[in-house]
Amino acid sequence: MFYKRYAMKLDKRDRAALFRQRLAEAMRASATSQSALARAVGVNRSTVSQMLAGEDARLPNAQLAAECAAALGVSADWLLGLTDRPERAADLLAAAMLMTEAPRALIDEQIFAWHREAAGYKIRHVPATLPDMLKTRAVLRWEYEPHLGITVDQAIGATEDRLAWMRSAGSDYEIAMPLHEIGAFARAEGYYAGLPAEVRRAQLDWLLTLYDQLYPRLRLFLYDARKVFSAPITVFGPLLAVLYLGRNYLAFRDTDRVRALTQHFDWLVREAEVATRDVPEVLRGLREEVR
């Protein structure tokens, strides 16, 4: 719709002049001569010369315009004056969306780089389990030592460094997670089966300590997964939103998707069974259940 409104502002002569201007601009930017462009699109040099110097209101046919755009690395819509963005659609998509590897390990420089980039902005997070930065050493060791082996101490140190960074970064953290996740942890069910009781009690005590120290900069919300659902996501302020797929992160930087995932997170907060101010009471109750 925007393209249509934009194009309607130009009459045929203006559009032809804009095409000539942008064709010359793209040729200069790519250091492409008239002869080179002619060879690339399969026309005579005189045809390219006419496109650049013509005084009438005619535009080249769509196929020739598209071939010129492809040869010069710009979008045909931009060349024809239908948009102010010279990037091709594939390039715009690549810039707006990134898929990167998500190692099953504590040392994840990519996710930490995103946190640093968003310093000062609110960070919204739906974790796959308890957030690593909020786990005790004992829980991290139980969870990661089987596959990290001797590097687990280094990984735990890196995680503690990141918690220290979080305390000083000036960002607010909102974390939404299913109520059953924290309950399963306390009762050593499902994913947490076999986790010793003393480790679980210490973890719940640590969460209470962190909440007391960091609230309201750190806020937890517990939702009922039978009513609402979320895949693991992190929204880094207005900058980007990251979806955790298991082996990969899918990161979006375009405004519409970041806004949509922000609204999704805010929906989880509105539908939360346990509001942030009531989380400590829930944690203390679960601690009493640990056997």
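Worth pointing out:
- Residue list for the range 138-182, restricted to those being aromatic (Phe, Trp, Tyr) and in contact with a helix residue (DSSP H, G or I) (Cβ under 6 Å, 6 or more places away or on another chain): 144
- Within the range 223-280, the residues that satisfy the criterion of being surrounded by 13 or more Cβ atoms within 10 Å (Cβ to Cβ), among the polar types (S, T, N, Q) and either at pLDDT 90 or above or not assigned by TED's automatic domain parsing to the domain that holds residue 204 (or both) are 230, 234, 262, 276.
- Near pairs, Cβ below 9 angstrom, 6+ apart or cross-chain, from the range 194-220 (outside the structural domain of residue 138 (by TED's automatic domain parsing) and surrounded by fewer than 16 Cβ atoms within 10 Å (Cβ to Cβ)) to any residue that is assigned to a helix (DSSP H, G or I) and among the hydroxyl-bearing types (Ser, Thr, Tyr): none
The values are calculated or read from the model by the stated rules, or taken from the named source; none is laboratory data. Source: prediction; values computed, not measured. Note: ideal-geometry Cβ built from the backbone for every residue, glycine included; neighbour counts use all protein chains shown.
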